[in-house]
Amino acid sequence: MSTFDWEDRSPFEPLAEHMRLVRACVDLVMPMFECVRDGNYEKLREVTDAVFKAEHEADKIKADIRKTIPKVFALPVFRGDLLAFVHVQDDMADSAEDLAVQLTIKQLAMPASLGEDVMAYVRQALAVCDKLYEAVTLLKDMEEADFSGPRGEQIMTLVSQAEHEEWVADKMQYRLAQKLFALEDELRATDIFLWSQVFQTIGALANQADKTAERLRRMLAR
């Protein structure tokens with residue numbers, strides 16, 4: 001039995017509901033990094049616990065969507081495209097959970113010389129997510145007739161903006177990695193390795209948001 005009553009609703013509403021839960025998870029990424037920057041490891045544990053709970057809720061609705069959508073809705077897009085969209089969207093919550101794990105494996109200190117760059121990089125990755133959130137919000141009440149109309153064009157613009165923001169994030173990741181490895185005489189090798197993994201996961205989050213936006217473009221372009 002479906003957790004949500006989706007009868008007589010837009011077939012895109014479950015995607016928006018799933019995104020709401022994914023966003024609840026991703027919105028905790030910046031607070032996690034603020035805790036690491038400030039050395040507030042007690043608060044970090046509280047935030048990461050909230051991440052784990054939010055990711056679990058997103059997983060539950062993902063499973064519900066997979067069971068429900070093929071049965072309930074007459075879809076204006078291919079079911080395969082819609083389910084692929086849910087999958088890559090859910091990957092964003094998984095990356096937030098991965099960050100929660102990586103940031104709590106040990107009491108990881110943020111190098112003072114990298115602090116501003118790290119926080120700027122996190123903000124940039126989240127900017128990609130923000131463009132996707134806007135696009136999915138517009139998607140919620142769409143009908144097939146809207147695909148080539150003003151709302152469809154607005155979504156396509158947001159998708160293009162997400163792609164640009166992800167490109168910027170890629171460049172920032174490369175520069176930040178260079179600065180990190182320049183500190184090899186000051187930091188433990190284990191810390192350099194862990195921070196490198198963290199930077200890659202932040203990049204994965206931005207990339208997954210971009211991929212989700214691209215899936216949205218493909219659905220609407222059918």
Which of the residues belonging to region 76-127 are in contact with a Lys or Arg (Cβ under 7 Å, 6 or more places away or on another chain) and not hydrophobic (A, V, I, L, M, F, W, C)?
ASP81, ASP90, THR104, GLY115, ASP117
Looking only at region 88-130, count every residue that is surrounded by 22 or more Cβ atoms within 10 Å (Cβ to Cβ) and at pLDDT below 95 and tell me the total.
2
Check whether at least one residue in region 138-160 is touching a residue at least 12 places away in the same chain (Cβ under 8 Å) and under 21 Å from LEU28 (Cβ atoms), and report yes or no.
no
Which numbered condition ARG175 misses (of (1) part of a helix (DSSP H, G or I); (2) under 21 Å from the mean Cα position of the chain (by Cα))
(2)
Return the residues of region 191-220 that are without any contact (Cβ under 8 Å) to a residue 12 or more places away in the chain and over 23 Å from ALA96 (Cβ atoms); say none if nothing qualifies.
none
May I ask you to verify whether PHE147 is touching a helix residue (DSSP H, G or I) at 6+ places or on another chain (Cβ under 9 Å), modelled with pLDDT of 95 or more, of a type in the set (A, V, I, L, M, F, W, C) and farther than 21 Å from ASP98 by Cα?
no
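Residues are listed down the side, and each one gets a yes or a no for (1) closer than 27 Å to ILE61 by Cβ; (2) of a type in the set (A, V, I, L, M):
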| residue | (1), (2) |
| --- | --- |
| VAL101 | yes, yes |
| THR104 | yes, no |
| VAL118 | no, yes |
| LEU126 | yes, yes |
| TYR133 | yes, no |
| VAL159 | yes, yes |
| GLU163 | yes, no |
| LEU176 | no, yes |
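The values are calculated or read from the model by the stated rules, or taken from the named source; none is laboratory data. The shown structure was predicted, so the numbers you read here are calculated from the model rather than taken from an experiment. Methodologically, a virtual Cβ is constructed for each residue, glycine included, from the backbone with ideal geometry; neighbour enumeration extends over all protein chains shown.
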